[in-house]
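In what follows, a single structure is set out as structure tokens and then discussed.
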Amino acid sequence: MSRPFRQSQATLHTWSGLLLGWVLFIVFTTGTIAFWREALNRWMRPELPRIEQPMRVLSGAQAFLQRTVPDGQSWYITMPSDRMPVATLFWIPKTDADAPSGRGRRRRGTDTQALVGADGTAVVARDTRGGDFFYRFHFDLHYMPVLWARWIVGVAAMMMLVAILTGIVTHKKIFRDFFTLRRGKGQRSWLDGHNATAVLALPFHLMITYTGLVTLMAMLMPWGAVANYTDEAKISKALFPHVEVPERSNRPAPLVDLVPVVRDAERRLGGAAAYVEVREPGDASARITVTRSPATLLNTRGASVAYDGVTGRPIWQSPPPDGASATAGVMIGLHAGRYADLGLRWIYFLCGVAGTVMVASGLVLWTVKRRERLPDPARPHLGFRIVERLNLGVLGGFPLAVAGFFWANRLLPTADAGRAEREVTVLFVVWGVAFVAGLILRPRWGWQALLGGTGAALIALALFDLATLRPGMFARFLGGDSLWVGTDLTLAVFGIAFLLIARRVARHRPTIRVRTRRAAISMDAMA
């Protein structure tokens, strides 16, 4: 009974991993890169100054907003931190009283976003999506409709969870095989590599897949909420309590200094602040809301406290979360890893790399295993060729496209409007070219070209930064800013890894044993 059960689990493991394996590879790759979201946001803006004191930057941000949009409807300030040295500002200008149906129109010529340093002036930096692109692509797939994309990612995550559980059942010697890595043995070598990367970070794979499903639970399983709440506003208020939005009184009043307000909020909340929202600044009804940073606790749904914008007196604090809300917040916190310090973020990142390799090796293993069973390996059937080419286009093409995205950030003119979207366009153009190359070239040559090109591009990018970055990379490092050296060194290491894999592919000489019908009859006769 155990053998048929294990065989059925093996079949389920194979097909649950294959059908959406390419989506899983993209999700794992972008999610792994997104662990360094803030670092990439800064690395892709070399013009940003070195890290300053957060409260000095906050004071400069308030001065900038009071000069730029003193009577705005709301301000939104993302607090600076050691991961992002400037304050990111968003604002909504005062609504036009003559707008039809009460809908406010923004004033012409007024920006609604800026990066501000400690001196209270806007920081001139290149427009880029940075690490935020990978964060959003991880679950929104960029060009796809959001609802469709999240359903596809949710189904892929569910299949990933099934593949992990059935893989544990199927490989009864999986932990022993983890210590075995046979090179140059075809299917056996790929299976050893697949097992090693799977077992190495197995708790992480289970955690990241399950918590990823939890982040989408309201969409995938909405029935509990629908059965208990008929009004969307009520469930939003229950899950995300917030202070009521004030109405403008049209009585001018100066806004209190934000620095002592934020210091008091951090003392009350027990951690550093992440966001400061100011409603109706410059009016007697002004209100300030400070939210605790998710980087200071495991629960991403940080508490908040509200203040009177004129007197600075606290008027409201969010209640302690109930068990269900706290559990959901912790699950999301575990998945995003925002709470992690530098060492733990590296563990997250390396485990994510292991998961990416696990998915990629599983997809390649399918073709290696099937090729050895083909009657004529030189002429595989159509289904095999489709999987082989998809592997080449996704597993080989997408990393090259990411390298192209980084190069576009460095080479596109910094002053061009719409520059950020052109970076994304370059990524998809490079990916499309890689797919075409994968269709035209023989698979072996295609793997060499795409993997070798990715490695060369990443190493060249690190050398480009070393030669052109002003002030120089080492000058930044000696000044206490190690981000640049760490990022470019990581890119170079991955570039070397891709080149080594491409070299291995070039030197590999597969031994395919073709057993014809005549040979089989002769062997039977000899027996």
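Here's the yes/no breakdown for (1) free of Cβ contacts under 8 Å to residues at least 40 places away in the same chain; (2) among the β-branched types (Val, Ile, Thr):
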| position | (1), (2) |
| --- | --- |
| 313 | yes, no |
| 328 | no, no |
| 339 | no, no |
| 349 | no, no |
| 366 | no, no |
| 374 | yes, no |
| 394 | no, yes |
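This table checks each residue for (1) under 21 Å from residue 405 (Cα atoms); (2) in contact (Cβ under 8 Å) with a residue 12 or more places away in the chain; (3) not aliphatic (A, V, I, L, M).
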| residue | (1), (2), (3) |
| --- | --- |
| 114 | no, yes, no |
| 117 | no, yes, yes |
| 120 | no, yes, yes |
| 129 | yes, yes, yes |
| 141 | yes, yes, no |
| 146 | no, no, no |
| 151 | no, yes, yes |
| 160 | no, yes, no |
Quiz item: Just wondering, is there one or more residues in segment 19-34 that are surrounded by fewer than 16 Cβ atoms within 10 Å (Cβ to Cβ), in a helix (DSSP H, G or I) and in contact (Cβ under 8 Å) with a residue 40 or more places away in the chain?
Solution: yes
Quiz item: Which residues, counting only those in segment 408-439, are within 26 Å of residue 496 (Cα to Cα), more than 23 Å from the chain's Cα centre (by Cα) and either of a type in the set (Val, Ile, Thr) or open to solvent by less than 20 Å² (accessible area, probe 1.4 Å) (or both)?
Solution: 433, 436, 438
Exercise. Only one of these is hydrophobic (A, V, I, L, M, F, W, C) and in contact with a Ser or Thr (Cβ under 7 Å, 6 or more places away or on another chain): 457, 437, 475, 420. Name it.
Key: 420
Quiz item: In segment 262-273, how many residues are surrounded by fewer than 20 Cβ atoms within 10 Å (Cβ to Cβ) and in contact (Cβ under 8 Å) with a residue 60 or more places away in the chain?
Solution: 2
Quiz item: Looking only at segment 430-453, which residues are assigned to a helix (DSSP H, G or I), aliphatic (A, V, I, L, M) and farther than 24 Å from residue 487 by Cβ?
Solution: 433, 436, 437, 439, 440, 449
Self-check item: Qualifying position, being within 23 Å of the chain's Cα centre (by Cα) and open to solvent by 20 Å² or more (accessible area, probe 1.4 Å), among 353, 368
Solution: 353
Practice problem: Please name all residue pairs, on different chains or six or more residues apart, with Cβ atoms under 7 Å, provided the first residue is in segment 60-87 and is farther than 22 Å from residue 250 by Cβ and in contact (Cβ under 8 Å) with a residue 40 or more places away in the chain and the second residue is assigned to a loop (DSSP other than H, G, I, E, B) and of a type outside the set (Gly, Ala, Ser). | Solution: 60/119; 64/121; 85/48; 85/49; 85/50; 85/51; 85/52
Quiz item: Here is a list of conditions, (1) at pLDDT 95 or above; (2) closer than 21 Å to residue 67 by Cα; (3) surrounded by fewer than 18 Cβ atoms within 10 Å (Cβ to Cβ), and residue 256 meets all of them except one; can you say which number that is?
Solution: (3)
Quiz prompt | Condition broken by residue 81, with the remaining ones in (1) open to solvent by 20 Å² or more (accessible area, probe 1.4 Å); (2) touching a helix residue (DSSP H, G or I) at 6+ places or on another chain (Cβ under 6 Å) satisfied | solution = (2)
Quiz prompt | Counted residues, segment 454-480 - those being part of a helix (DSSP H, G or I), open to solvent by less than 40 Å² (accessible area, probe 1.4 Å) and touching a residue at least 40 places away in the same chain (Cβ under 8 Å) | solution = 7
Exercise. Could you name every one of the helices (runs of 4 or more DSSP H) located completely within segment 221-278 that has at least 3 residues being among the β-branched types (Val, Ile, Thr)?
Key: 258-269
Exercise. State which residue is modelled with the highest pLDDT when the search covers only segment 315-330 and only residues that are open to solvent by less than 50 Å² (accessible area, probe 1.4 Å) and in contact with a helix residue (DSSP H, G or I) (Cβ under 7 Å, 6 or more places away or on another chain).
Key: 328
Quiz item: Quick one: residue 299 ticks every box in (1) modelled with pLDDT of 90 or more; (2) part of a loop (DSSP other than H, G, I, E, B); (3) closer than 24 Å to residue 84 by Cβ; (4) of a type outside the set (Lys, Arg) bar one, so which box is it?
Solution: (1)
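The values are calculated or read from the model by the stated rules, or taken from the named source; none is laboratory data. Keep in mind it's a predicted model, so treat the numbers as computed, not measured. With ideal geometry, Cβ positions are generated from the backbone for all residues, glycine too; neighbour counts draw on all protein chains shown. Remember, those area values only see protein heavy atoms, side chains included, never the ligands or the DNA or RNA. Shrake-Rupley method; radii C 1.70, N 1.55, O 1.52, S 1.80 Å.
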